[in-house]
1. Please pick out the residue among B:Asp367, B:Asp346, B:Asp371 that is within 14 Å of another protein chain (Cβ to nearest Cβ), touching a Phe, Trp or Tyr at 6+ places or on another chain (Cβ under 6 Å) and closer than 27 Å to B:Asn292 by Cα.
2. Return yes when A:Val37 is out of contact with any Pro (no Cβ under 6 Å at 6 or more places or on another chain), away from every other protein chain (no Cβ under 12 Å) and β-branched (Val, Ile, Thr) and no when it is not.
3. If you take the residues in the range B:54-84 that are small (Gly, Ala, Ser) and either surrounded by 24 or more Cβ atoms within 10 Å (Cβ to Cβ) or in contact with a strand residue (DSSP E or B) (Cβ under 6 Å, 6 or more places away or on another chain) (or both), which one is nearest to B:Tyr291 (Cα to Cα)?
4. Which of the residues that make up the range B:374-393 are within 14 Å of chain A (Cβ to nearest Cβ), in a helix (DSSP H, G or I), surrounded by 20 or more Cβ atoms within 10 Å (Cβ to Cβ) and not β-branched (Val, Ile, Thr)?
5. Which number in (1) more than 14 Å from chain A (Cβ to nearest Cβ); (2) touching a Leu at 6+ places or on another chain (Cβ under 8 Å) marks the one condition that B:Arg429 misses?
6. Please list, ordered by residue number, the helices (runs of 4 or more DSSP H) wholly in the range A:61-150 having 3 or more residues that are loosely packed, with under 15 Cβ neighbours inside 10 Å.
7. List the number of the failed condition for A:Val68; all other conditions in (1) under 30 Å from A:Glu133 (Cα atoms); (2) more than 9 Å from every other protein chain (Cβ to nearest Cβ); (3) modelled with pLDDT of 90 or more hold.
Amino acid sequence: MPSPGTPQRDERGRPSTPTGRQPAVRILSLYPDLLDVYGDRGNLLALIRRAQWHGLDVIVHQASTGDVADARRYDLILLGGGQDRAQRLVAGDLHRAKGPSLVDAVSDNVALLAICAGYQLLGKFYRTAAGEELPGVGLFDAFTVAGARRMVGNTVVRAVVDGRPMLLVGFENHAGRTMLGKGARPLGDVLAGWGNNGSDRREGAIWRNAVGTYLHGSLLPKNPELADWLLQKALDHRYRGSVRLESLDDGLEHRAKDVMLRRLLGPPALRPLTWARRRAEVR
Amino acid sequence: MAIVESPRLALMAGKLAMAASRRLGWGGSTWPGRIAAALDPALLERFAPIPRLGSVLVTGTNGKTTTTQALSHIARLQGLRPIHNGSGANLSWGVLSAFIEHAPWTGLPRADVAVLEVDEANLHRVASALRPRVIVVTNFFRDQLDRYGELDTTVRRVAEGIRQAPRGSRVVICADDPMSEWLAEQACSDGHCSVLRFGLEVPTPGGGPFPGAAADGTRCMRCGSPYRYARIYYAQLGHYACPSCGHARRAPDLRVEALEQESGEAVRLRVVTPQGRYDASLAMAGIHNVYNALAATGGAMALGLRAPQIVLALAGMRPPFGRMERLALAGRQLTLILVKNPAGFDGVLRTVAHQGMPGHMVFALNDLAADGRDVSWIWDVRFEQLLAPHAPRLRLAVCSGRRAHDMAVRLKYAGIPPDRLAVQPAIVRAMRLAVEGVAPDQPVPVLATYTAMLQARKGLVAHALPRDSAAG
């Protein structure tokens, strides 16, 4: 949904708020010491750098187990991936302390990105390989059960975010199979790779401005359109649509993405064929 | 099922395979072992009693090759004949190939000691066959998670490997690594093996965990609380203690108490052992190499070698293939440096930044199986230190390899201006671009993942040959 309001710029073309001040986004990085594998800090770095290049002020707070943090006071929340041991610690803390404020924040249109273990814990529960059930936050109508075989490899997802089509590339590495319930919408269709569970060719989940996904790689530096969508949603949360981002020079990022798209889908002219074949495989 | 029950026939077949694959230019570090093992699956077990002093297995995520090479060098200087898998082929077939290589055309291999690098996932297989006297565990850093799953799993696998070693064997670990201490608790606490620890006791600034340390090691292995560090040296290695349950670093049996950077790549250190204090010099730069030297010293002491001779031998340690190797291109010099995970990459960047550099660098990133198919680990490397105020100015970063563009994106987000970035996927062209306009006496660092390193080396050798023969 495009937000109402008139975008404003100062005399140097940088975005400005209705009061003429440099706009700011407040980012909460949750459990950065526990949920931090597979280049998760790349996502935070991409948001910080891109916000700076857009002329925004960035405030980043970190909160881990035992820290008090009210998610509703932020515009954008990040959760990364982690190993089983870390995931258990995080599940306990989310259940005891931070979970409800996270759901409230997303209900209030705060943007959120959760990768892998973080994504799994935003569903209803995660059942480990040992059969232990870790409680989830219930933000997504989904649950995850650990499987025997790890799903590992480069992935391409055709996503539609807020009505905008995006081809996302990343790398996934998970044993958990995530099943979406009726109330959840997938982030997109898997064109190459495994996705949520390796069987229904769906990947991730999206609810309001919250995105959960198995893609790391890191995800945001190579998919700048998703990074900017999250930043725009964060600004919308704070300034109610009065600050609009303009596009940056993302030539390098798109070339990096293109290398992987060509490798996995072939040259652009042949892609409709690849997709038709993949659809036939699903049937 | 063995087709032939004779170890001599299997050994002979392995020898033939080795000669054939060398002739074909395949190197011959895996195939001979594979063929011999197909003929006699118990061959490695039959070789177990051959080394007179027993076997030392070296495992861990970083520094295996350097440590194994140092150990083999120490053994040789004491007049011992070691069997050593010098080519870095560290799966069980590679280990078998090392024995085959040391065997004469007729008869069994002869050696005083076997010094073998073993991949973490293969340790249990090799240990159950060779029944080693000593297992050296260098460290546990995050490495190629897509291959082995998670770091906890790696530690568990190594623990299973240690349980395969005979009772009473010695395990050498890094006292500064909480993951290694946890391993020793898992594998040795019932008296199955005795532990020899090595560590650093030199001053550094303390405080919280080193930024960029793998999260896996910075939380208490027992209770999950964050460790407090009085000193921190490298990734999660340091003087750690858990404030809530008390799990803390144990005093090392073997320690470095003074460390001094000399000119160039040399380091002076004072090593304290149960047999006394010794001054040593090391011809390899970087704190990771000090740890490797200590790991080798620990392995040699556990084997019963004498400390003064061991320490003396350290001065002759040289970096193995791909670790700071010098090569020439177009009248300029290049230093090839292997990078494979964030901790190692950080160490190399720190060394490069401290040594000064010509301002041009090559970063070559491949994503084949031997490199790790997942390149997201580059986001855990602190390239930002290249822009630190004390660091020499980086004027040109040439990104190369199958994932050259990913590397360039990483450097862009580290804050390196796009006009100082170049992308050239072909490695030799990338190196050619990087040496342009650089003084002949200033080597250009080429930081490359495993298969990119092989390509770079092959390309440089092919380039050097015609010119050399023309000159000759």
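The values are calculated or read from the model by the stated rules, or taken from the named source; none is laboratory data. Please read these numbers as outputs of a predicted model, since none were measured by experiment. Because the Cβ atoms are built from the backbone with ideal geometry, glycine has one as well, and the counts that use them run over all protein chains shown.
1. Numbers: B:Asp367 fails: touching a Phe, Trp or Tyr at 6+ places or on another chain (Cβ under 6 Å); B:Asp346 fails: touching a Phe, Trp or Tyr at 6+ places or on another chain (Cβ under 6 Å).
Testing whether each residue is within 14 Å of another protein chain (Cβ to nearest Cβ), touching a Phe, Trp or Tyr at 6+ places or on another chain (Cβ under 6 Å) and closer than 27 Å to B:Asn292 by Cα leaves just B:Asp371.
2. For A:Val37, the condition - out of contact with any Pro (no Cβ under 6 Å at 6 or more places or on another chain), away from every other protein chain (no Cβ under 12 Å) and β-branched (Val, Ile, Thr) - is not met.
3. Going through the range B:54-84, the residues small (Gly, Ala, Ser) turn out to be B:54-55, B:60, B:63, B:70, B:72, B:75, B:79.
Within this subset, residues satisfying the condition of being either surrounded by 24 or more Cβ atoms within 10 Å (Cβ to Cβ) or in contact with a strand residue (DSSP E or B) (Cβ under 6 Å, 6 or more places away or on another chain) (or both) are B:55, B:60, B:63, B:70, B:72, B:75.
Working: B:Ser55: 21, B:Gly60: 12, B:Gly63: 8, B:Ala70: 12, B:Ser72: 16, B:Ala75: 19 Å.
Within the range B:54-84, the match that is nearest to B:Tyr291 (Cα to Cα) is B:Gly63.
4. Scanning the range B:374-393 gives B:Ser376, B:Trp377, B:Trp379, B:Asp380, B:Phe383.
5. The one condition B:Arg429 does not meet is (2).
6. On the way: elements: A:84-93, A:99-107, A:117-121.
Qualifying helices (runs of 4 or more DSSP H): A:99-107.
7. It is condition (3) that A:Val68 fails.
Conditions (1) at pLDDT below 85; (2) of a type in the set (Ser, Thr, Tyr); (3) under 26 Å from B:Asp279 (Cα atoms); (4) not in a loop (DSSP other than H, G, I, E, B), marked per residue:
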| position | (1), (2), (3), (4) |
| --- | --- |
| B:Gly212 | yes, no, no, no |
| B:Ile232 | yes, no, yes, yes |
| B:His239 | no, no, yes, yes |
| B:Gly246 | no, no, no, no |
| B:Pro252 | no, no, yes, no |
